[in-house]
Amino acid sequence: MSTSTLRIGLVLPDVMGTYGDGGNALILRQRARMRGIEAEIVQITLDDEVPDSLDVYTLGGAEDYAQRLATRHLTRYPGLQRAAAAGRPVLAICAAIQVLGHWYETSAGERVDGISLFDLTTSPQATRSIGEVVTEPVMAGLTDPLTGFENHRGGSTLGSDAAPLAKVTHGVGNGVGDGTEGVVQGSVIGTYMHGPALARNPQLADLLLARAMGVEELAPLELPEVDRLRRERLAAGRRG
């Protein structure tokens, strides 16, 4: 870690916080504190430069105009890009995947350049994908099914330098017909799962925490209420 306190970057919650994805930073902080690890959330707004010195970063979903603002800001202040290049873990949710790609196409048909942390491009699907999604991870280090709520019209096509996070068993996922969900490239992970994703998927939360701390794995937390939430959401997704 960069300091004795785990520093969790909540990137642009003022424009990339439409769907409650800021909860992912809260989950990381809480799961760290429950293990006796000091942790704090650093909010990075449009008024701030993006630091490259934090231990882990999270970005959330947004609509077209907010995506433009975020893309412009991350291009002007490339601290996130430097942090990713240094191997710091980054979690990008929904529209943030698109911003972190090479380009995304708006609902009006305009193509907007992204910041190219992901080798992917995004174009509108014919119909919007809304509902529960359940997947089986293909990313190393994850074994538990992943669950979330997708709400997006973008369809993301991965290039050769990017790999999927998971394979869809229920729901749509990346929306390009290949059964993939999410994206992994280097230390950066993207997913279309809201929920917040880390509340529903504690194994993914702990993987990010372990990477942020530079350790192989963390001692498990016994949280029956989280287990109940997972069982309920997985069942709901599979029924859907």
Report summary line: accessible surface per residue for the chain, probe 1.4 Å, DNA/RNA/ligands not counted, whole Å² -> 42 Å²
**Report entry** Sulfur and carbon atoms: percent of accessible area, region 1-143 [1.4 Å]
**Finding:** 47 percent
Report summary line: Packing-ranked peptide list from 69-79, 122-132, 198-208, 216-226, highest mean Cβ count within 10 angstrom first, is 198-208, 69-79, 122-132, 216-226
Query - Length-normalised contact order for the chain - Cα pairs under 8 Å, 6+ apart - percent - result: 19 percent
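Under 10 °C and 1.306 mPa s, how fast does region 64-134 diffuse according to Stokes-Einstein, given a Kirkwood radius computed over C-alpha pairs? Answer in µm²/s, whole number. Before the final figure, lay out the partial values.
Working: Rh = 13.0 Å.
Estimated via Stokes-Einstein, D reaches 122 µm²/s.
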Requested in this report: Mind checking the full-extension length gain between ARG76 and GLU232? Use 0.36 nm per residue of separation minus the Cα-Cα distance, one decimal, nm.
Outcome: 51.9 nm
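Among the chymotrypsin sites (Phe, Trp or Tyr not before Pro) within region 1-89, which fall in a DSSP loop and have no more than 15 other Cβ atoms within 10 Å of their own Cβ?
none
Please compute the length gained on full extension between LEU69 and THR45, using 0.36 nm multiplied by the number of residues separating them and subtracting their Cα-Cα distance. Display every interim value, and only then the final one.
Values: separation 24, 0.36 × 24 = 8.64 nm, distance 1.09 nm.
Full extension of this stretch gives 7.6 nm more.
Could the peptides 33-42, 142-151 be put in order, highest first, of the mean number of other beta-carbon atoms found within 10 Å of their residues?
Working: 33-42: 14.5, 142-151: 20.1.
My ranking of the peptides, most packed first, is 142-151, 33-42.
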Query raised in the report: Tell me, how many Å apart are the Cα centres for region 1-64 and for region 114-164?
Result: 21 Å
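The values are calculated or read from the model by the stated rules, or taken from the named source; none is laboratory data. What you see is a predicted model; the values in this text were computed from it and never measured. Cβ coordinates were reconstructed from backbone atoms using ideal geometry, including for glycine residues, and neighbour counts include every protein chain displayed. Only protein heavy atoms, including side chains, enter the accessible area calculation; ligands, DNA and RNA are left aside. Shrake-Rupley method; radii C 1.70, N 1.55, O 1.52, S 1.80 Å.
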